[in-house]
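Engineer: Below are the structure tokens for one structure; questions will follow.
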Amino acid sequence: MASLTDHLADLVADVDAALLFSPTSSFYERFADAEVEVVVVAPDNDVDAETFVELPLPFDNVKDRIGFGIEGAMDADLLAEGDEVACVASVFDGGSDAVVRVTVDEGIHTGIYDLFANSRAEPSVIRDVFEVAIELGQKGQKGKPVGALFVVGDAGKVMNKSRPLSYNPFEKSHVHVGDPIVNVMLKEFSRLDGAFVVSDSGKIVSAYRYLEPAAEGVDIPKGLGARHMAGGAITRDTNATAIVLSESDGLVRAFKAGELVLEIDPEEY
Ligand SMILES: Nc1ncnc2c1ncn2[C@@H]1O[C@H](COP(=O)(O)OP(=O)(O)OP(=O)(O)O)[C@@H](O)[C@H]1O
Ligand SMILES: [Mn+2]
């Protein structure tokens, strides 16, 4: 056993902080006299931790969960680049059963935490829209690349700053993103022009909206045009988040407050 214990000691040697993912109260209390900074990362602060980072989603994938926790802690200035962190998490349902050592580097900060935690729309709505955009990017429409623009949150204001290009197939419906049938509809309608407008709670408010943001143009990557410009600008005019799939380069991008905050290649997702 000596070598296993030694390895565990090496794993946690000289860390700057311990991140406890969803600890039980009794487990958390054992860290009361810890010499390192202890940060609790969980959906809720059930243990009344002094330093707490809220996980906007539970994240079944442990790597994602740890990545989000670290980004959240960086967002709150609890961690900085170069820090060594011991993450204590549950992989199976057996409580805190794993220790993962992570060096905080620039690569870990993708902006995805901020996107989920600090958007107006519910985190699960942002996630569901992302998933539709990523699936569309992977498969296209009948094998052909397709573009799409989703404006999520602050829907009333977005509707005021846009106009219909065609009849709205979601006019009298009360359907929500994340529902498998609705996702099929969204993919079907993505062949046509304009943007989808989604409410804070995930209701599909409209398809075929032509965005007319008052905001001036925003900086968008070279080679991209009106779809990305309109998507970016509407997020400066409103508190919405725009999620854009590019037909030309196949990437999914997110804009908030007029800034490009995330760029994902659906093929690598
Ligand atoms: N203001 C707008 N509001 C909503 N949709 C728009 C707007 N402007 C353009 N679009 C949609 O974007 C489509 C593509 O336009 P354009 O090629 O200029 O965008 P892009 O940013 O280069 O995106 P892509 O990378 O997908 O080509 C248009 O056919 C239209 O459906
Ligand atoms: Mn284009």
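The values are calculated or read from the model by the stated rules, or taken from the named source; none is laboratory data. Bear in mind the structure is a predicted one, so any value in this text is a computation, not a measurement. Don't worry about glycine lacking a Cβ; one is built from the backbone with ideal geometry, like all the others, and counts go over all protein chains shown. Calculation scope for accessible area: heavy atoms of the full protein, side chains included, ligands and nucleic acids excluded. Shrake-Rupley method; radii C 1.70, N 1.55, O 1.52, S 1.80 Å.
Engineer: Confirm whether V218 is farther than 12 Å from A195 by Cβ and not in a strand (DSSP E or B).
Structural biologist: The answer is yes for V218.
Engineer: Mind counting the residues in the stretch 167-203 that are out of contact with any helix residue (DSSP H, G or I) (no Cβ under 6 Å at 6 or more places or on another chain) and over 23 Å from G140 (Cβ atoms)?
Structural biologist: The qualifying residues number 10.
Engineer: Next question, about the same structure. So which of G95, G82 ends up being in a loop (DSSP other than H, G, I, E, B) and modelled with pLDDT of 95 or more?
Structural biologist: G82
Engineer: Shifting gears a bit: With respect to R253, determine if the residue is open to solvent by less than 40 Å² (accessible area, probe 1.4 Å), more than 16 Å from ligand 2 (Cβ to nearest atom) and among the basic types (K, R).
Structural biologist: Numbers: open to solvent by less than 40 Å² (accessible area, probe 1.4 Å): yes; more than 16 Å from ligand 2 (Cβ to nearest atom): no; among the basic types (K, R): yes.
For R253, the condition - open to solvent by less than 40 Å² (accessible area, probe 1.4 Å), more than 16 Å from ligand 2 (Cβ to nearest atom) and among the basic types (K, R) - is not met.
Engineer: While we're looking at this one, here's another question. Which members of the stretch 122-154 meet the condition of being away from ligand 1 (no atom under 12 Å from the Cβ), crowded, with 23+ Cβ neighbours inside 10 Å and of a type in the set (G, A, S)?
Structural biologist: Passing the criteria: only G153.
Engineer: Residues in the stretch 44-60: is at least one in contact with a helix residue (DSSP H, G or I) (Cβ under 8 Å, 6 or more places away or on another chain), open to solvent by 70 Å² or more (accessible area, probe 1.4 Å) and not in a loop (DSSP other than H, G, I, E, B)?
Structural biologist: yes
Engineer: In the stretch 221-244, what residues are open to solvent by less than 60 Å² (accessible area, probe 1.4 Å), more than 7 Å from ligand 1 (Cβ to nearest atom), closer than 23 Å to Q138 by Cβ and not in a helix (DSSP H, G or I)?
Structural biologist: Residues satisfying the conditions are P221, T241, A242, I243, V244.
Engineer: Another question, then. Name every residue in the stretch 61-79 that is open to solvent by less than 40 Å² (accessible area, probe 1.4 Å) and not in a helix (DSSP H, G or I), in order of residue number.
Structural biologist: L78, L79
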